[in-house]
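In what follows, a single structure is set out as structure tokens and then discussed.
The values are calculated or read from the model by the stated rules, or taken from the named source; none is laboratory data. A quick note: this is a predicted structure, and the numbers were derived from the prediction, not measured. For neighbour counting, all protein chains shown are included, and Cβ atoms are generated from backbone atoms with ideal geometry for every residue, glycine included. Surface areas here come from the heavy atoms of the whole protein model, side chains and all, with no ligands, DNA or RNA. Shrake-Rupley method; radii C 1.70, N 1.55, O 1.52, S 1.80 Å.
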Amino acid sequence: MSPEERAFQERIDRGEKIEPKEWMPEGYRKTLIRQIGQHAHSEIVGQLPEGNWITRAPTLERKAILLAKVQDEAGHGLYLYCAAETLGVSRDELMELLHRGKMKYSSIFNYPTLTWADMGAVGWLVDGAAIMNQVPLQRTSFGPYSRAMIRICKEESFHQRQGYAVMMKMCAGTPQQKAMAQDALNRLWYPSLMMFGPSDKDSVHSAQSMAWKIKMNTNDELRQKFVDQTVPQAEYLGLTIPDPELKWNEEKGGYDFSEPDWSEFFDVIAGNGPCNKDRLGARVKAWDDGAWFREGLVAHAEKAAARKAPLAAE
Amino acid sequence: MSPEERAFQERIDRGEKIEPKEWMPEGYRKTLIRQIGQHAHSEIVGQLPEGNWITRAPTLERKAILLAKVQDEAGHGLYLYCAAETLGVSRDELMELLHRGKMKYSSIFNYPTLTWADMGAVGWLVDGAAIMNQVPLQRTSFGPYSRAMIRICKEESFHQRQGYAVMMKMCAGTPQQKAMAQDALNRLWYPSLMMFGPSDKDSVHSAQSMAWKIKMNTNDELRQKFVDQTVPQAEYLGLTIPDPELKWNEEKGGYDFSEPDWSEFFDVIAGNGPCNKDRLGARVKAWDDGAWFREGLVAHAEKAAARKAPLAAE
Amino acid sequence: QDAFLEFLLRLGDTTLILGHRVSEWCGHSPALEEDIALANVALDLIGQTQMWLGLAAEVEGKGRTADDLAYLRDAWDFRNLLLVERPNGDFGHTLMRQFLFDAWHFELLNALAASTDARVGEIAAKALKEVAYHLERSSDLVIRLGDGTEESNRRMREALEALWAYTGEMFTADEKDRAVAEAGIAPDPESLRAAWEATVRDVLEQATLAVPASTFAHKGGKRGVHTEHLGYILAEMQFLQRAYPGSSW
Amino acid sequence: QDAFLEFLLRLGDTTLILGHRVSEWCGHSPALEEDIALANVALDLIGQTQMWLGLAAEVEGKGRTADDLAYLRDAWDFRNLLLVERPNGDFGHTLMRQFLFDAWHFELLNALAASTDARVGEIAAKALKEVAYHLERSSDLVIRLGDGTEESNRRMREALEALWAYTGEMFTADEKDRAVAEAGIAPDPESLRAAWEATVRDVLEQATLAVPASTFAHKGGKRGVHTEHLGYILAEMQFLQRAYPGSSW
């Protein structure tokens, strides 16, 4: 470790925040760009599965809540791209990497939303898992990222409560509605567990990221915490977690549960999830179809600037 | 009149059929191309208003009947383009004239189909009016046109009966269904009367066309016949023709009825019907989007021909 | 009473259907800022729908709710303007539709804020703040894209030409419009035209777009005669309420 | 019994949804001959749906009709293959989907014609005549367009690549498939693969298209886990039955 690197690590160890203009190791910068960028991409791709039900929301109030939520997600994307930009990479560059398949987004968004109950389950489980990941990141070492996380966590926990409220309504509703809720849980349970990533035993980058406080907990810790939090919520709803192995382990003070099918996880990562092509295709289409729009705005700005400074322009 | 023209007219007067390779006056050819072409265009544009309900047909049987009907319309288009082609104009040329707005189609298809009852009313009224126009044309002087009309009339009268059957079902159904049927009649009555064209008093071409047996009856004759046929059918359904002036005239042995609003007719002809842009736009889009398809088939045919005759090709 | 109900349905159905159309863009717009802005506009419109249809249900007095009106009527019962059910087209088309609408919506709400009916006045005053912002935003974008590249100008011009014939309906009055106007509940539609035209002329001029000369106007939405598009919107929008009647969501 | 019903729903839902997709082209195809041919294919598929779902309703024995099954079930009750709910895309995409399906459909019906259940055998024999023609036509067009222009080749190649992962589901068996296979009612899905592959290889070779190497297969349709597209199809298809329950049409 060079003296610079040592000093850097000591600042982190003391709990100081690193700010964009300060010195940082290249690896720190790169890891952060990847992590923040992926998170940003997840927010904007994450608009799609929920956007899928806006036009079909069953009441005006639910429609309004869903619209507000999807709008928040776009907003989160914006904060995060801004945080990434402080590291010297532009939003357009990051988007291009996404569109060319060079950067990932959370694989959960490659699953379809098939019934209205998914609007509940996504809020409850997917936002729940996201929060579990994000709450510790409020204390991450990189200042802009930490501040973005603080804003985002506040809204996300609101979303999670709304999602759970949808589930409560469904579970207190007709037998069909309750069946819909159970079906959503069945489909989304394991993909939600996958959101924490494979076991840390199999992860190479984890140790360095944890030292840098870019990653605050191990994947397995967070997954356990998520299961322990979620099982009683499911019980309260009267729903059954689709895991026959699930049971309380008094000794460890948490639930034992089945691992998700990691071969499915790697399939989805490799592009073979149910919706990978549709999701990325939708984003690329939005971007390509909108090129004229962005170019139009740039051209106008240039004209306006030229008109404002007619002498300087000559 | 030249001797040729006189001989030609005498043949027509004797009830002989004119065949494609025989001599005919340029005006006869041009008028026929316009009339047959417009009729062909009407068949293919006419797929759209009914096609609009295929995916929403309320039962599998109704869906099948509607599909068969729309298929027949495309088939009629094909017969008619073939008949026009015998006069030396290709289908592609005619289509291009349609797409550039240089040829018309029946203005009735610029009205929207807004409820399922329209599938009944279109069959009953629109096909009914079309048959009224077409039955006499089975005796038209131009052989290919006459033969196409004979085939078409047979199928059209089948369609009309099916449309009337839909109306019967609706009128015997719930109050909502009956209201839907009445609403369809209200919207389509005057546009159907317009299908016969303005009063012959205002038509310049009529006399020549009638002499040539391209037009067999005056517009007003056919319109009167249509009203006289349709009013009792509406009564049988328990529906009210939306014309307070409608009443039986014992003296003339037919109904007195209100003229349609001819200013609306000319508006629609001028491009300002409710659906003109959507209809023509849909056809142009189908054609343009399909260019690669047609070119692919031509390219393949050329390759196949070249492969069959490798020596001749060298 | 009857005319008042009709007036409220016309307004509430219009904001509902436009909100639906705008929301179709969620996650598919050309820029992240637009995703946010469009979701916001849709959200405002749906919020206004809740108020207008809520009041309509109250005025109707048959125990129906705003949701019943939104989800359990078929196309022929809808009273929205044809303009708002037009398909989104490209993003320029959507923006132009929004601008032509916002410019009218703003004038209407401005007049409604002085309604003799206090409930109408209150809703209008609340909505006016939102719509003032919608108009500011759509005007600005129409100007920038009209006066942008050759392509953006062409797209905005084509959108304007395609939509122009759907603007006249905003200003045509029938006996029901006249009845609410006489009662001082709402302005005479025709009275909004001059201010609307002034806004439109001003913005289009800055956008280097010519105001179309045609005065032809498609009509029918306000009396339930729609385009073929509305049926598809409703089939999608109403699916859950239709498929699971009587459920609570 | 249960497995037999499931088998019939899988087949009837598949023909229904493909018939729906194909019918979306009516009046919008690239040539008049194609308008006619597609309407004809859709018509055949809807006719087959009436027979399969009619038999399903009979086997179910709960007094439901084919129309009840088609119009009053939600997406999660549908058992169609995912392949047939994929959006139409361009015309080449639609044709490729049809070809990949027809090649399987033909082998399936061929085997079903020898079903131990006479009703199944009869329906299959009737449908086989139609489907033999569908396959002839779609094979021919795939060949001509694959071996046409550079653009038509590219479009057919892209369609093939996009759809390939949806073909595997046709050949994967679950316990219900195995139960009807053991009863001699239907062939084991896996047993159809060799003949299908032979047809596909032969046609693609003539079309100068490479058979994709990937063996990944999307699954779920046969147990009611669909793509997001099916919900929209059903909302549209079922609107009238849902909005006017109990009416007779």
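One table, with the values for the structure above:
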item: First in the stretch A:259-275 and more than 25 Å from A:Glu245 (Cβ to Cβ) and without any contact (Cβ under 8 Å) to a residue 40 or more places away in the chain, second anywhere and open to solvent by 20 Å² or more (accessible area, probe 1.4 Å) and not charged (D, E, K, R), Cβ under 6 Å, 6 or more apart; result: A:Asn272/D:Phe216
item: Failed criterion for D:Gly27 (all others in (1) without any contact (Cβ under 8 Å) to a residue 24 or more places away in the chain; (2) more than 17 Å from B:Thr55 (Cβ to Cβ) hold); result: (2)
item: Criterion violated by D:Gly224 - all others in (1) on the phi > 0 side of the Ramachandran plot; (2) open to solvent by 30 Å² or more (accessible area, probe 1.4 Å) satisfied; result: (2)
item: Residue within the stretch A:222-237 that is surrounded by 21 or more Cβ atoms within 10 Å (Cβ to Cβ), within 14 Å of another protein chain (Cβ to nearest Cβ) and β-branched (Val, Ile, Thr) present; result: no
item: Cβ pairs under 7 Å, 6+ apart, first in the stretch C:158-173 and surrounded by 22 or more Cβ atoms within 10 Å (Cβ to Cβ), second of a type in the set (Lys, Arg) and at pLDDT 95 or above; result: C:Tyr166/C:Arg86
item: Residues located in the stretch D:136-149, provided they are more than 9 Å from every other protein chain (Cβ to nearest Cβ) and open to solvent by 20 Å² or more (accessible area, probe 1.4 Å); result: D:Glu136, D:Arg137, D:Asp140
item: Every residue from the stretch B:63-89 that is open to solvent by less than 40 Å² (accessible area, probe 1.4 Å) and outside any helix (DSSP H, G or I); result: B:Leu87, B:Val89
item: Residues (open to solvent by 70 Å² or more (accessible area, probe 1.4 Å) and closer than 18 Å to A:Met167 by Cβ) located in the stretch A:238-249; result: A:Thr240
item: Single residue of A:Lys285, A:Lys277, A:Lys252 found to be open to solvent by 20 Å² or more (accessible area, probe 1.4 Å), in a loop (DSSP other than H, G, I, E, B) and among the charged types (D, E, K, R); result: A:Lys252
item: C:Thr208 vs. criteria over 30 Å from A:Ala117 (Cα atoms), of a type in the set (S, T, N, Q) and open to solvent by 20 Å² or more (accessible area, probe 1.4 Å); result: yes
item: Residues located in the stretch D:92-122, provided they are hydroxyl-bearing (Ser, Thr, Tyr), in a loop (DSSP other than H, G, I, E, B) and open to solvent by less than 30 Å² (accessible area, probe 1.4 Å); result: D:Ser115
item: Identity of the residue in the stretch B:138-148, assigned to a helix (DSSP H, G or I) and touching a Ser or Thr at 6+ places or on another chain (Cβ under 7 Å), that ends up nearest to the other protein chains (Cβ to nearest Cβ); result: B:Pro144
item: B:Ser199, sole failed condition from (1) under 19 Å from the mean Cα position of the chain (by Cα); (2) crowded, with 18+ Cβ neighbours inside 10 Å; (3) not β-branched (Val, Ile, Thr); result: (2)
item: Failed item in (1) more than 14 Å from every other protein chain (Cβ to nearest Cβ); (2) in a loop (DSSP other than H, G, I, E, B), with B:Pro58 passing the rest; result: (1)
item: Checklist (1) open to solvent by less than 10 Å² (accessible area, probe 1.4 Å); (2) more than 10 Å from chain B (Cβ to nearest Cβ) applied to D:Ser29, failing item; result: (2)
item: Single condition A:Phe293 does not satisfy, out of (1) open to solvent by less than 60 Å² (accessible area, probe 1.4 Å); (2) under 28 Å from A:Gly123 (Cβ atoms); (3) within 14 Å of chain C (Cβ to nearest Cβ); (4) free of Cβ contacts under 8 Å to residues at least 24 places away in the same chain; result: (2)
item: Of the criteria (1) at pLDDT below 95; (2) in contact with a strand residue (DSSP E or B) (Cβ under 9 Å, 6 or more places away or on another chain); (3) open to solvent by 40 Å² or more (accessible area, probe 1.4 Å); (4) not aromatic (Phe, Trp, Tyr), which one A:Asp267 fails; result: (2)
item: Among (1) surrounded by fewer than 20 Cβ atoms within 10 Å (Cβ to Cβ); (2) part of a helix (DSSP H, G or I), the one test that C:Ile185 misses; result: (2)
item: B:Ser106 vs. criteria open to solvent by 10 Å² or more (accessible area, probe 1.4 Å) and within 14 Å of chain D (Cβ to nearest Cβ); result: no
item: Residue within the stretch D:194-206 that is within 25 Å of D:Phe4 (Cβ to Cβ) and away from chain B (no Cβ under 14 Å) present; result: yes
item: Flag for C:Ala194 being surrounded by fewer than 16 Cβ atoms within 10 Å (Cβ to Cβ), in contact with a helix residue (DSSP H, G or I) (Cβ under 8 Å, 6 or more places away or on another chain) and among the aliphatic types (A, V, I, L, M); result: no
item: Tally of residues being open to solvent by less than 20 Å² (accessible area, probe 1.4 Å) and either among the acidic types (Asp, Glu) or within 11 Å of chain D (Cβ to nearest Cβ) (or both) across the stretch B:158-196; result: 4
item: Selected residue (criterion: least open to solvent (accessible area, probe 1.4 Å)) from residues of the stretch C:1-26 that are in a helix (DSSP H, G or I) and among the acidic types (Asp, Glu); result: C:Asp13
item: Neighbours by Cβ (under 7 Å, 6+ apart or cross-chain): first from the stretch D:113-137, under 22 Å from D:Val203 (Cα atoms); second open to solvent by 40 Å² or more (accessible area, probe 1.4 Å); result: D:Leu128/D:Asn110; D:Leu128/D:Ala113; D:Val131/D:Phe106; D:Ala132/D:Phe106; D:Leu135/D:Phe106
item: In the stretch A:276-289, the residues that are in contact (Cβ under 8 Å) with a residue 24 or more places away in the chain and of a type in the set (Gly, Ala, Ser); result: A:Ala282
item: Candidates C:Asp44, C:Asp74 - the one that is in contact (Cβ under 8 Å) with a residue 24 or more places away in the chain, more than 9 Å from chain A (Cβ to nearest Cβ), within 30 Å of A:Lys285 (Cβ to Cβ) and out of contact with any strand residue (DSSP E or B) (no Cβ under 6 Å at 6 or more places or on another chain); result: C:Asp44
item: Number of the condition not met by B:Ala299 [criteria: (1) over 21 Å from B:Ile44 (Cα atoms); (2) away from chain D (no Cβ under 13 Å); (3) of a type outside the set (Asp, Glu); (4) open to solvent by less than 50 Å² (accessible area, probe 1.4 Å)]; result: (2)
